[in-house]
Amino acid sequence: MNKRNALHSLSAGVLVAAALLLSGCSDSGKPGFSAIDLTGADYARDFALTDHDGRARTLKDFQGKIVVMFFGYTQCPDVCPTSLTELAAVKKLLGADGDKLQGLFVTVDPARDTPEIMKSYMSNFDPTFLALYAAGPDQLAALAKDYKVYYKKVEGKTPTSYTMDHSAGMYVYDANGKLRLYSRYGSGAGALAADIKLLMQEK
């Protein structure tokens with residue numbers, strides 16, 4: 001992961017992080033989340049995308065599950081496969097509750113990421129994870145703005161060998177479809193699994 005990606009991976013949660021530095025423990029003294037607590041955030045409330053099987057998807061489709069959402073692209077050399085491998089490990093750490101986790105991967109490279117390619121890519125990590133794509137560049141740009149996600153095309157030696165700089169964190173929604181956490185890249189499967197278990201314990 002280059003320095004530019006490292007800087008941009010922090011962008012989505014940097015403003016709220018300052019206001020939530022003391023959220024490590026609740027007023028009751030119970031342990032808090034390892035990830036940045038976004039409870040009550042007024043952005044990234046929903047989406048309208050299409051999955052790799054051609055089905056229209058919104059957050060309501062995953063009611064009752066903890067949703068972890070990540071932006072990237074299938075030809076990403078490091079950040080994306082690392083993050084998805086970590087998410088697959090989280091599911092295993094959850095044991096019997098693993099089926100209550102839904103992983104979502106949103107492509108920032110729809111020109112190359114066809115539904116077929118994305119479905120095959122997801123199968124490398126977990127067959128239940130879904131890849132999603134926007135209807136067009138304008139919708140993707142609007143979605144990225146709403147989610148405070150950075151992405152930019154970096155030209156390569158040939159027209160098809162370009163790369164995509166992009167934010168690298170994961171958004172976590174609770175079982176009611178409310179945005180709750182931002183997990184920074186490299187936080188580790190153990191920390192994310194522990195946070196998800198806390199969300200699952202909420203009534």
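Derivation of every value follows stated rules applied to the coordinates shown; laboratory data play no part. As the structure is a computational prediction, the values presented were derived from the model and not from experiment. As a convention, Cβ positions derive from the backbone with ideal geometry for all residues, glycine included, and neighbour counts pool all protein chains shown.
Which whole-Hz ³J(HN,Hα) couplings does segment 68-75 yield from phi under the Karplus relation 6.51 cos²θ - 1.76 cosθ + 1.60, θ = phi - 60°, glycine and proline marked x?
The phi angles translate into 10, 10, 9, 9, x, 7, 5, 8 Hz.
So what's the net charge close to Y171: Lys and Arg +1, Asp and Glu -1, counting the other residues with Cβ under 13 Å from its Cβ?
0
Select from segment 161-203 those chymotrypsin sites (Phe, Trp or Tyr not before Pro) which occupy a DSSP coil region and have at most 16 other Cβ atoms within 10 Å, ordered by residue number.
Y162
How big is D, in µm² s⁻¹, for segment 3-201 by Stokes-Einstein at 20 °C and 1.002 mPa s if Rh is the Kirkwood radius over C-alpha pairs?
It comes out at roughly 125 µm²/s.
Can you give me the long-range amide H partners of L181? Hydrogens built in the peptide plane at 1.01 Å from N, cutoff under 5 Å, separation of 5 or more residues or another chain.
The answer is L38, V172.
What is the percent of Cα-Cα separations in segment 93-203 that go past 19 Å?
Result for the distance tail: 56 percent.
Name the residues whose placed amide hydrogens come within less than 5 Å of the amide hydrogen of F47, ignoring near sequence neighbours (fewer than 5 apart) on the same chain.
L59
Counting Lys and Arg as +1 and Asp and Glu as -1, what is the net charge of the other residues whose Cβ lies under 12 Å from the Cβ of A131?
After counting each charged neighbour, the total is -3.
What translational diffusion coefficient, to the nearest whole µm²/s, does segment 105-154 have by Stokes-Einstein, given a Kirkwood radius computed over alpha-carbon pairs, a temperature of 4 °C and 1.567 mPa s viscosity?
Here the translational diffusion coefficient equals 111 µm²/s.
Can you tell me, using C-alpha contacts under 8 Å and at least 6 residues apart, the relative contact order of segment 3-201 as a whole percent? Please report the intermediate quantities before stating the final value.
Values: 349 pairs, mean separation 66.9, N = 199.
Relative contact order for segment 3-201 comes out at 34 percent.
Calculate the spin-label point distance for S123 paired with V154, positioning each point 7 Å from the Cα along the beta-carbon direction, and give it in nanometres.
3.1 nm
Show me, for segment 88-100, the HN-Hα J-couplings you get by feeding each phi into the Karplus relation (A = 6.51, B = -1.76, C = 1.60, θ = phi - 60°), rounded to Hz, glycine and proline as x.
5, 5, 4, 4, 5, 5, 6, x, 5, 8, x, 6, 8
What pairs from K91/K119; K92/K119; K92/K145 go past 28 Å between their alpha carbons?
On the way: K91/K119 19 Å; K92/K119 21 Å; K92/K145 32 Å.
With Cα atoms farther than 28 Å apart: K92/K145.
For a quick check: with amide H placed at 1.01 Å from N, whose amide H comes under 5 Å from M164's, ignoring anything fewer than 5 positions away on the same chain?
Placed amide hydrogens put V154 under 5 Å from M164.
To check my understanding: the extent here is largest minus smallest coordinate of the Cα atoms along each principal axis. What are those three numbers for segment 63-130, in Å, largest first?
In descending order, the Cα extents are 37, 25, 17 Å.
May I ask you to sort D113, D99 by Cβ crowding, counting other Cβ atoms within 10 Å and putting the fewest first?
Final ranking by Cβ density, sparse to dense: D99, D113.
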